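The values are calculated or read from the model by the stated rules, or taken from the named source; none is laboratory data. Just so you know, these numbers come straight off a predicted model, no measurement behind them. Heads up, the Cβs are rebuilt from the backbone with ideal geometry, glycines too, and the neighbour counts pull from every protein chain shown.
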């Protein structure tokens, strides 16, 4: 089975024995929990679109290991075309869900681990790549969703891992046994963890010799004994517990993050891809971050497409779509959104092969892409709120709209253009609210800021890769300066 | 046995490409000086690209030589090499290829 149906994916999740806590309670059935289920629906869409002839060209690829058709989320990029198609697939997914669809982190993790284990084995004589390829075959064959887990809680940022007051604030190996290792610590902000079959853990930053125990990469079943999750709250999340459809903004889809805790997790050696090789931790972090910064040039653009469409509809329903300033604001939103897309495509088109044969994006352009993502969605969201008007946050509830007596009043006074039902206006304004300050704002705003690394992380990379000395040399030549 | 040098266009080089070629010329024995003459087919080609993208690495260029050594920024044949050590690594590869041909 190289491609799972969406139904098979959902059933496969039901078989997992996740240990999840949400708002102080253990969740026995995450798949059907009203707060979690929309995020599962988003991942499920990655399976549905792969089955759809209208989208399979983007959603599927040919495995370089088996020659079989696989979901692109399980693929190792073989050329720049694969890198470009990845971004286009992510835009499509953002358009179809209006939310974070979570499966990118695993794809970005396998691509980073592929080249780094190859280089590590070549230099150090380790046998990690063989193990990784065995896992990759299984991932592709069973069409698994894998959570790429990088960010540690980090405690006091001024101190390295081994100097923290609590050593578990960075994920580490606490014991090496004959048959495997014992891991303790946690991973924060784990996108889609509870919708994943496996987790792929990577070090959170470049490690030194003193912190070699924290230079750790491995895979584990997401429901393994020794892993539990504490589900992250989102703005307006309890609206999902209400019976209606309108006030949630996006009834069907969403995203999620969770704290993933390793409570003396046992990992057999065959699932370990790095254990103490600190000199390769930096390359793994840099490549995963690079791929993930590329990803944002696709997924956020897709959600941006939905938001721009919603803002344009709000203008139509308000009767202002012909006003020149409204048209100009919509043009500006599209310009900003396509700027993000241009960066995603550019870093992909300028990709290059690594020694393992897989393709890596242009890291400088990927960092420029993500740096723009930390800014432009905020402006797009601001313009959407501007066009939508204040009603998007002062509107009455769906219960009021449906009320046998005051419903008529809501219908009358929340009406815009006469030909458009009031309910349509309510729905589109709630969707804008959802993306700009509701549950989906976690993905569209704050994740744009901090996901795949906070703005300063990209600025460090841009500084390192910007080739400033060469630019000085160019200026000297033009100015006639001879040293 | 001719060794040829082919440069990329040089839009945003991360290494000093002409400087690297000069160092290679210095390190190679006298009768092995590389050429940039495109009219003959080379036995060994050194593709000198300023960044890892190596946009000059394409089939039409690859046909110019039987064996290639690919430089892309601070990498030689896709492996990271410090810029100061690149010429030595490349010359070693050229001499190994020549020896293999003679043997």
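Scanning segment B:69-103 for residues that are over 15 Å from residue A:355 (Cα atoms) and either within 14 Å of chain A (Cβ to nearest Cβ) or touching a strand residue (DSSP E or B) at 6+ places or on another chain (Cβ under 8 Å) (or both) gives B:83, B:86, B:89, B:90, B:93, B:94, B:97, B:98, B:101. Looking across A:329, A:370, one residue alone is under 30 Å from residue A:115 (Cβ atoms) and away from chain B (no Cβ under 14 Å). It is A:370. Within segment A:426-468, restricting attention to residues that are outside any helix (DSSP H, G or I) and more than 14 Å from chain B (Cβ to nearest Cβ), the residue that is surrounded by the fewest Cβ atoms within 10 Å (Cβ to Cβ) is A:454. The set of residues in segment A:247-264 being over 22 Å from the mean Cα position of the chain (by Cα) and surrounded by fewer than 22 Cβ atoms within 10 Å (Cβ to Cβ) consists of A:263, A:264.
Which is loosely packed, with under 14 Cβ neighbours inside 10 Å, within 14 Å of chain B (Cβ to nearest Cβ) and in a helix (DSSP H, G or I), of A:476, A:471?
So the residue among A:476, A:471 that is loosely packed, with under 14 Cβ neighbours inside 10 Å, within 14 Å of chain B (Cβ to nearest Cβ) and in a helix (DSSP H, G or I) is A:471.
Every condition in (1) farther than 24 Å from residue A:118 by Cα; (2) touching a helix residue (DSSP H, G or I) at 6+ places or on another chain (Cβ under 7 Å) is met by residue B:81 except one, and the failing one is (1). Taking segment B:21-65 as the range and being in a strand (DSSP E or B) and within 14 Å of chain A (Cβ to nearest Cβ) as the test, the residues that pass are B:47, B:49. Residues of segment A:348-371 that are without any contact (Cβ under 8 Å) to a residue 60 or more places away in the chain and part of a helix (DSSP H, G or I): A:365 alone.
Screening residue B:5 against (1) surrounded by 18 or more Cβ atoms within 10 Å (Cβ to Cβ); (2) more than 14 Å from every other protein chain (Cβ to nearest Cβ); (3) modelled with pLDDT of 95 or more leaves a single unmet condition, (3). Restricting the search to strands (runs of 3 or more DSSP E) fully inside segment A:7-74 and requiring at least 1 residues that are surrounded by fewer than 17 Cβ atoms within 10 Å (Cβ to Cβ) and touching a residue at least 24 places away in the same chain (Cβ under 8 Å) gives A:20-22, A:69-71. Checking each residue in segment A:77-109 for being closer than 18 Å to residue A:218 by Cα and either surrounded by fewer than 24 Cβ atoms within 10 Å (Cβ to Cβ) or touching a strand residue (DSSP E or B) at 6+ places or on another chain (Cβ under 7 Å) (or both) picks out A:105, A:106, A:108, A:109. Filtered by the rule that a residue be surrounded by fewer than 17 Cβ atoms within 10 Å (Cβ to Cβ), touching a helix residue (DSSP H, G or I) at 6+ places or on another chain (Cβ under 7 Å) and within 29 Å of residue A:469 (Cα to Cα), segment B:24-59 gives a lone residue, B:27. So is residue B:18 surrounded by 17 or more Cβ atoms within 10 Å (Cβ to Cβ), within 14 Å of chain A (Cβ to nearest Cβ) and outside any strand (DSSP E or B) or not? No; evaluated as a whole, the condition is false for this residue. Would you call residue A:361 buried (at least 19 other Cβ atoms within 10 Å of the Cβ) and either more than 20 Å from residue B:53 (Cβ to Cβ) or in contact with a strand residue (DSSP E or B) (Cβ under 9 Å, 6 or more places away or on another chain) (or both)? Judged against the criteria, residue A:361 is a match.
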